[in-house]
1. Determine the shape class of region A:94-155: with a ≥ b ≥ c the square roots of the Cα gyration tensor eigenvalues, call it rounded for a/c under 1.5, and otherwise prolate if a/b is greater than b/c, oblate otherwise.
2. Kindly write out, for region A:77-92 in residue order, the coupling ³J(HN,Hα) from the Karplus curve 6.51 cos²θ - 1.76 cosθ + 1.60 (θ = phi - 60°), rounded to whole Hz, with x marking Gly and Pro.
3. Determine how many Å³ per residue the convex hull of the Cα atoms of region B:1-60 encloses.
4. If R₀ is 60 angstrom, what is the calculated FRET efficiency for the pair A:Ser105 and B:Thr170, using the beta carbon separation as r and rounding to 0.05?
5. Percent relative contact order of region B:1-97, based on C-alpha pairs within less than 8 angstrom and at least six residues apart?
6. Once you've got the Cα coordinates, tell me which of A:Lys13/B:Lys91; B:Lys29/B:Lys122; B:Lys33/B:Lys122; A:Lys235/A:Lys289; B:Lys33/B:Lys91 are over 22 Å apart.
7. Past the 31 Å Cα-Cα mark, which pairs from A:Lys108/A:Lys306; A:Lys80/B:Lys58; A:Lys109/A:Lys246; A:Lys11/B:Lys20; B:Lys45/B:Lys156; A:Lys142/A:Lys246?
8. Between B:Asn82 and A:Gln290, what FRET efficiency follows from the Cβ-Cβ distance if R0 is 60 Å, with the result rounded to 0.05?
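The numbers here are math on the coordinates, done by the rules we state, and not lab data. Everything numeric here is computed off the predicted structure, so don't read it as measured data. Cβ: placed from backbone, ideal geometry, glycine included. Neighbour counts: every protein chain shown.
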Amino acid sequence: MTSNIETQLNKLKGTSPDQAWVMSCRERLLSQIDTDQLSFSKRIGLNLNMGMSRLVYAPVRALVIILLVVFGFSTSFMAKASLPGDFLYPGRIVIEEIEVMLATSPAKKAEVHNKHAEKRLADIQKLSATEVEAKDLQGAIKRLEQDLAAAASSLDIATVEEGQNLDNIAMDITDSVVATIDYLDQTKEDIISQDDHDILNQVLAATANIEDKTLSLLVSMYERDEITAEETLNKFIAIIDSQLLKVSEKVQTLESQTTIMEGADLQNLDWTKVYTDIRQASVLSSQAKQSFDNNDYVQSFSDLTKIKQIISSIEELISTINIEQVL
Amino acid sequence: MSREELTDKILVIKARLGDKQAFASIYNKYVSKLYRFAYYKTSSKELAEDIVSQTFLKAWERIVVGGQIRSLQALLYKITRNLIIDYYRSKQSTEVSLEYDLGEKDEPRQELHANIDQDLIKQAVSSIENSDHKEIIILRYIEDLSIREIAKILDKSPGNVRIVCHRAITELKERLKDYR
C-alpha cells in the first residue's frame with residue numbers, strides 16, 4: 001500500500017503553476033531586479049543578518065553585541081583621552097574628523113572646531129609639562145592653528161548663511177583665541193628650537209586674523225544689543241592689548257635686524273615715527289582701561305578704536321619690508 | 001557536490017555578476033517546485049503565487065549581497081517556508097487552512113478514476129496538521145528530494161528526517177483510510 005501511496009503522491013508533481021502567471025511573474029521580477037538595486041544600508045543590514053545568523057545561540061549573539069559595544073566605547077574613550085605621540089592618537093584625529101563631518105550646520109562646525117581647539121590647547125599644556133618629542137609638540141601647535149582657523153571660517157560662513165544668533169559661539173571662539181595667544185606668548189620664552197618658534201609665529205599670525213574677525217563680530221553683536229557694552233569692551237581691551245604687544249615685538253625684531261643689514265630699502269623706514277605711534281597707542285591703551293574702570297565706555301571705545309587704527313597703520317608699514325630678506 | 005549543485009553555483013555566480021539571464025534560469029528551474037511546495041502548504045493558488053514571487057525577490061537580494069550560498073535549492077525552499085510561516089503568523093491563525101479547494105482547474109485532466117485518487121491524496125495531504133509531516137511528504141514524495149536535501153532545507157539531521165518521514169507516511173496512510 002505504501003508504494004501505491006508514494007506513486008499517487010508522485011503524480012501530484014503534475015500540479016504546476018499557471019503558465020501565464022509564470023511568464024508574467026518572470027518578466028516582472030527581471031524588470032524589478034533591474035531597477036531595484038539594493039541600497040547600501042539594505043546590503044549592510046542583510047550582511048549583518050547573515051553574519052549573525054551563523055551564530056546559532058541568541059545569548060552568543062547578545063554577548064558579541066555587548067562586547068563589541070563595550071570595546072567600541074572603551075577604545076573611543078581611550079582614543080579621545082590620548083595625546084600626540086600616543087598609539088591611539090590617530091584614532092582620536094579620526095573621531096574628531098567624524099565629529100566635524102556630523103556637524104549639521106556651519107555654526108555647529110564652528111562649535112566643534114572650537115571645542116577641538118580648546119582640547120588642543122590643553123594637550124599642548126600637558127605636553128609642555130612633560131618631555132616629549134619636538135615633532136609631537138609642533139604637530140599639536142599646527143593643529144591648534146588649523147582648528148582656530150577652521151572655527152573662524154565656519155563662523156564666517158554661519159554669519160553669512162544663517163544670520164542667526166551666534167553670540168555664544170563667537171564668544172567661545174574669542175575666549176579660545178585669547179587663551180591661545182596668552183599661552184603661546186608665555187610658551188614662546190621657553191621654546192628654544194627655531195622650528196618651534198616658526199610654528200608659533202605662524203599660529204600667532206593666524207590668530208591675529210581670527211582676532212580681527214572676532215572684533216567685528218563683537219561690534220555687530222553689541223549693535224544688535226546681544227551683549228552689554230561692558231562685555232564688548234572687556235573683550236576688546238584683551239584683544240587689542242594682545243595685538244599691540246605683538247606688533248611692538250614685531251617692530252623691535254625687524255628694527256634690530258634691519259640695522260645690521262646692508263639693504264638701503266630696509267633702512268628707509270621711519271622707525272622714529274613707528275615707535276612714536278607705538279608709544280601713543282600704549283598711552284591710549286592705559287586711558288581706555290582707565291575710562292573702562294570709570295564706566296566711561298564711550299571714551300574707552302573711542303580710545304580702543306584709535307589704537308586699532310594705529311596698529312593697522314604700523315602693520316601696513318612693516319608689511320612693505322621683505323621679511324625673508326630681513327631674516 | 002552533485003552536478004545539479006554545481007550548475008546552481010555557476011548560475012548564482014553569473015547572477016551575482018549581473019547576468020539577468022542566469023537569474024531567469026534559476027527562476028525557470030525552481031518556479032514549479034516552489035509553487036507546488038507553497039500550494040500544498042497553503043492550499044491556495046493565489047497565495048502560493050504571491051509567496052513564490054516574493055521568494056525570488058528575496059533570493060535575488062541574498063544573491064547580490066554576496067554571502068556564501070551553500071545550496072541554492074535549500075535556500076529557496078527555506079525562504080518559501082519562512083514566508084509561509086510569516087504569512088500565517090501575521091494572520092494569527094493556524095498554520096494551514098484545512099479547507100481544500102477541490103474546484104482547482106489548473107491541472108490537466110486525465111482519466112476520471114485517476115483524478116478521484118489524486119483528489120483524495122491531495123485532501124489527505126492538505127488535512128495533515130503537523131507542519132513537519134506535511135513538508136516532508138511534499139519534499140520527499142512529491143518533489144523526490146533526497147533525505148540529505150530535505151535535511152538541509154529543514155535544518156534537521158538526516159536521521160531525524162528519516163524518522164519524521166516514516167511517521168508522516170504512516171499518518172497519511174491513516175488519513176487515507178478515513179477517505180476511502
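1. Details: a/c = 2.72, a/b = 2.33, b/c = 1.17.
Judged from the Cα gyration tensor, region A:94-155 comes out prolate (a/c at least 1.5, a/b above b/c).
2. Karplus values, whole Hz, x for Gly and Pro: 5, 5, 4, 5, 8, 7, 10, x, x, 6, 4, 8, 4, x, x, 5.
3. Numbers: hull volume 5.0 nm³, N = 60.
Output value, Cα hull per residue: 83 Å³.
4. Values: r = 72 Å, r/R0 = 1.19.
Computed FRET efficiency for A:Ser105 and B:Thr170 comes out at 0.25.
5. Working: 76 pairs, mean separation 28.8, N = 97.
Averaging sequence separation for qualifying contacts and normalising by length gives 30 percent for region B:1-97.
6. Working: A:Lys13/B:Lys91 28 Å; B:Lys29/B:Lys122 24 Å; B:Lys33/B:Lys122 16 Å; A:Lys235/A:Lys289 12 Å; B:Lys33/B:Lys91 25 Å.
Among A:Lys13/B:Lys91; B:Lys29/B:Lys122; B:Lys33/B:Lys122; A:Lys235/A:Lys289; B:Lys33/B:Lys91, the Cα-Cα distance tops 22 Å for A:Lys13/B:Lys91; B:Lys29/B:Lys122; B:Lys33/B:Lys91.
7. Numbers: A:Lys108/A:Lys306 34 Å; A:Lys80/B:Lys58 42 Å; A:Lys109/A:Lys246 29 Å; A:Lys11/B:Lys20 33 Å; B:Lys45/B:Lys156 28 Å; A:Lys142/A:Lys246 19 Å.
Where the Cα-Cα span goes over 31 Å, the pairs concerned are A:Lys108/A:Lys306; A:Lys80/B:Lys58; A:Lys11/B:Lys20.
8. Numbers: r = 84 Å, r/R0 = 1.40.
It comes out at approximately 0.10.
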